[in-house]
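Worksheet: the structure to be examined is printed underneath.
Computed from the coordinates by the stated procedures, all read-outs in this text should not be read as laboratory data. Keep in mind it's a predicted model, so treat the numbers as computed, not measured. When we count neighbours, we look across all protein chains shown, and the Cβ atoms used for this are built from the backbone with ideal geometry, even at glycine.
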Amino acid sequence: MRDRPPTSGTRGQRKIFYGWWVVAAGSALNVLAGGLYWTGFSIYFLPVTRDLGLSRAATSLAYGLGRMEGGIEGPLAGYLVDRLGPRTMIAAGGALPASASFCCLLPTASPRS
């Protein structure tokens, strides 16, 4: 067995695996979502109840129903991602809110003659 000749003291720089960049981006987005969406509601809880004149129970119910809706739709969204692919689901996820926003621009009452 031959020994390799010693290389110079500099080692070639290794690139970071692309998957680690995806992990870093996902972690950063999770930190933002955790602070703003999941636990950030507690910051807005009292101002929302005061400004809208709602009880704490009604405000908590609205927030709880929103979280429950996400838990119910999760398995369906996962099934559709497996079935249709992530690109299709991301395109649909962008097209649906865009079309809903466009529909909000349409007149809500027809002119009376």
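List of remarks:
- Exactly one residue out of Gly53, Gly40, Gly66, Gly71 is within 18 Å of the chain's Cα centre (by Cα) and more than 23 Å from Met89 (Cβ to Cβ): that is Gly40.
- Scanning region 40-59 for residues that are closer than 24 Å to Asn30 by Cβ and surrounded by 10 or more Cβ atoms within 10 Å (Cβ to Cβ) returns Gly40, Phe41, Ile43, Tyr44, Phe45.
- Test: residue in region 54-69 that is farther than 23 Å from Ile43 by Cα and among the acidic types (Asp, Glu): no
- Condition check for Arg83: free of Cβ contacts under 8 Å to residues at least 60 places away in the same chain and surrounded by fewer than 10 Cβ atoms within 10 Å (Cβ to Cβ): yes
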